[in-house]
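Read the structure below first, then the notes.
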Amino acid sequence: MSGFNTKLVHGKPQKDNHTGAVNVPIYNSSTYIYPTVDAKLPYDYARSGNPTRNYLEDQVAELEGGYQGFAFSSGSAAIHAVLSIFSPGDHIIIGKEIYGGTFRLINQFFKRWQLEFTAVDTQNIEEVEQAIKPNTKAIYFESFTNPLLKVTSVKAISQVAQANHLLTIVDNTFLTPYLQKPLDLGADVVVHSATKYLSGHSDVIAGVVVVKNKALADKVYFNQNSIGATLSPEDSNLVRRGIQTLAVRMDRHLSNTQKIVEFLQGRPEIARIYYPSIAGTKDHEIAAKETRGFGGIVSFELQDGLDSTKFVEGTKLIQLAVSLGAVESLIELPYKMTHVELSPDEQLKAGITHQLVRLSVGIEDVSDLINDLKQSLDKLN
Ligand SMILES: *Cc1c(COP(=O)(O)O)cnc(C)c1O
């Protein structure tokens, strides 16, 4: 079999290519001809299946090492379709620092449908074990959390899950299969906001799911087709194209981020840096064992008394915006932007102080990024 980089570029060959086109066409057809009323068609209606979307779905399944992939109109829709495999009365253990939109979906939507949840620190395996109840069905978490890059062992959680007949569901948005393959580490389901690194260019909202076996695939497919939040052919093509350059983009994200971390370590304005390459933490210990790199997101706290708003508004090349994982660098203040839905008390408990800054490092020249951070820090003094 070919290596990962080759797989990124070359998906599964299409059998209907009569033109010699090197890329899968964007099939803008909602319906397909039946040669006879009894015909068994590979495609009959585009919500149920579309060749462009299926190309992407096969591509992500192969990259994650799964049985089958599914593409959705957003990461949130992907997560909704996965959590919809459970039934009223089921209990799910969730990481207590999962993506805010996922928490909202669980806490405000699925709670109304009688799904029960317990939020725990998934880095603490004992806490996870203690949260297991007779009706527990799954453990859902992000191996790197947002924005504090707390690292959870997919291996350790999967072991607990398997011993208790639970599913392990991992949101792999921050790492991508280039840096970590949760299914290889024992997980059953992987979800992504493909809006971020997989597509990589801030030009599409998309989500994917990859599952380990046919039983799970049948359940997720039923939800994808019946709920219907599928990814359009055009958007499937954008994600497909983005994935082809995933490895080269990630390599630059990694090296730029490491150099920015080293720059920040030398600046007196910085009180604390959150990035798992920094040794001496449990996060580093786990990430060093289970990932190929520490990702392209770094968060840091400015010293008390320095104006964090002025700092993030003061960068010129690095743009002030939410979202992450794209070619351009983005900076934001979690307490006012991505995590504004938390009460001040909840923010404090989650470690989201007013001095905390999140930086999604792009693939620009790192010297330009460092100079930009430097000029904005210089203005604070
Ligand atoms: C952005 C994000 C989501 C939600 O995805 P959308 O594409 O915005 O719906 C879920 N999980 C993580 C970790 C994210 O960063």
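Within the bounds of the stretch 368-376, is there any residue that is under 23 Å from GLY305 (Cβ atoms) and exposed (fewer than 15 other Cβ atoms within 10 Å of the Cβ)? Let's see the steps before the verdict.
We begin by selecting, within the stretch 368-376, every residue under 23 Å from GLY305 (Cβ atoms); these are 372-376.
If we keep only those that are exposed (fewer than 15 other Cβ atoms within 10 Å of the Cβ) too, we end up with 374-375.
Yes, the stretch 368-376 contains at least one residue that is under 23 Å from GLY305 (Cβ atoms) and exposed (fewer than 15 other Cβ atoms within 10 Å of the Cβ).
SER202 fails exactly one of the following numbered conditions: (1) more than 11 Å from the ligand (Cβ to nearest atom); (2) touching a Gly at 6+ places or on another chain (Cβ under 8 Å); (3) not β-branched (Val, Ile, Thr). What is the number of that condition?
Exception for SER202: condition (2).
Go over the candidates ILE93, ILE98 one by one and state the one that is surrounded by 20 or more Cβ atoms within 10 Å (Cβ to Cβ), within 24 Å of SER193 (Cα to Cα) and away from the ligand (no atom under 16 Å from the Cβ). First the steps, then the outcome.
Working: ILE98 fails: away from the ligand (no atom under 16 Å from the Cβ).
Checking each option against the conditions leaves just ILE93.
Which condition number does LEU148 fail, the rest of (1) within 16 Å of the ligand (Cβ to nearest atom); (2) assigned to a strand (DSSP E or B) being met?
Here LEU148 meets the rest and fails (2).
Quick check: anything in the stretch 150-167 modelled with pLDDT of 95 or more, of a type outside the set (S, T, N, Q) and at positive phi? Walk me through it before giving the result.
To start, the set of residues in the stretch 150-167 that are modelled with pLDDT of 95 or more comprises 150-167.
If we keep only those that are of a type outside the set (S, T, N, Q) as well, we get 150-151, 154-157, 160-161, 163, 165-167.
Then keep just the ones that are at positive phi; that gives 165.
Among the residues of the stretch 150-167, at least one is modelled with pLDDT of 95 or more, of a type outside the set (S, T, N, Q) and at positive phi, which makes the answer yes.
Of (1) under 30 Å from SER367 (Cα atoms); (2) free of Cβ contacts under 8 Å to residues at least 40 places away in the same chain; (3) not assigned by TED's automatic domain parsing to the domain that holds GLY296, THR176 satisfies all except one. Which?
Unmet condition: (2).
Report, by residue number, each residue of the stretch 158-195 that is within 14 Å of the ligand (Cβ to nearest atom), polar (S, T, N, Q) and in contact with a Leu (Cβ under 7 Å, 6 or more places away or on another chain).
THR176 - this is the single residue of the stretch 158-195 that is within 14 Å of the ligand (Cβ to nearest atom), polar (S, T, N, Q) and in contact with a Leu (Cβ under 7 Å, 6 or more places away or on another chain).
If the requirement is being under 20 Å from the mean Cα position of the chain (by Cα) and under 23 Å from PHE72 (Cα atoms), which of these qualifies: LEU198, LEU149, LEU185?
On the way: LEU149 fails: under 23 Å from PHE72 (Cα atoms); LEU185 fails: under 23 Å from PHE72 (Cα atoms).
On inspection, the qualifying residue turns out to be LEU198.
Only one residue in PHE222, PHE263 is among the aromatic types (Phe, Trp, Tyr) and free of Cβ contacts under 8 Å to residues at least 60 places away in the same chain. Which one?
Working: PHE263 fails: free of Cβ contacts under 8 Å to residues at least 60 places away in the same chain.
Answer to the selection: PHE222.
Give me the residue from the stretch 101-123 that is within 13 Å of the ligand (Cβ to nearest atom), surrounded by 15 or more Cβ atoms within 10 Å (Cβ to Cβ) and not β-branched (Val, Ile, Thr) and, out of that set, nearest to THR173 (Cα to Cα). Step through it out loud before you land on a result.
Here is the first cut: in the stretch 101-123, the residues within 13 Å of the ligand (Cβ to nearest atom) are 101-106.
Now restrict to residues that are surrounded by 15 or more Cβ atoms within 10 Å (Cβ to Cβ): 101-103, 105-106.
Those left that are additionally not β-branched (Val, Ile, Thr): 101, 103, 105.
On the way: GLY101: 13, PHE103: 15, LEU105: 17 Å.
Out of the qualifying residues, it is GLY101.
Against the definition (within 16 Å of the ligand (Cβ to nearest atom) and either among the acidic types (Asp, Glu) or touching a residue at least 40 places away in the same chain (Cβ under 8 Å) (or both)), how does LEU238 come out, yes or no?
So LEU238 does not fit the description; no.
When the residues of the stretch 76-90 are filtered to those that are over 14 Å from the mean Cα position of the chain (by Cα) and small (Gly, Ala, Ser), which remaining residue is nearest to the ligand (Cβ to nearest atom)?
Checked the stretch 76-90; the qualifying residue nearest to the ligand (Cβ to nearest atom) is ALA81.
Any idea which of THR36, THR31 is over 19 Å from LEU238 (Cβ atoms) and out of contact with any Phe, Trp or Tyr (no Cβ under 9 Å at 6 or more places or on another chain)? Even if it seems obvious, please write down each step before you answer.
Numbers: THR31 fails: out of contact with any Phe, Trp or Tyr (no Cβ under 9 Å at 6 or more places or on another chain).
Sole residue among the options that is over 19 Å from LEU238 (Cβ atoms) and out of contact with any Phe, Trp or Tyr (no Cβ under 9 Å at 6 or more places or on another chain): THR36.
Could you grab me the full set of residues in the stretch 294-326 that are within 16 Å of the ligand (Cβ to nearest atom) and either part of a helix (DSSP H, G or I) or touching a Gly at 6+ places or on another chain (Cβ under 6 Å) (or both)?
Matches in the stretch 294-326: ALA326 only.
The values are calculated or read from the model by the stated rules, or taken from the named source; none is laboratory data. Note that the coordinates shown come from a computational prediction; the quantities given were computed from them, not determined experimentally. Neighbour counts are summed over all protein chains in view; Cβ atoms, including those assigned to glycine, are modelled from backbone coordinates with ideal geometry.
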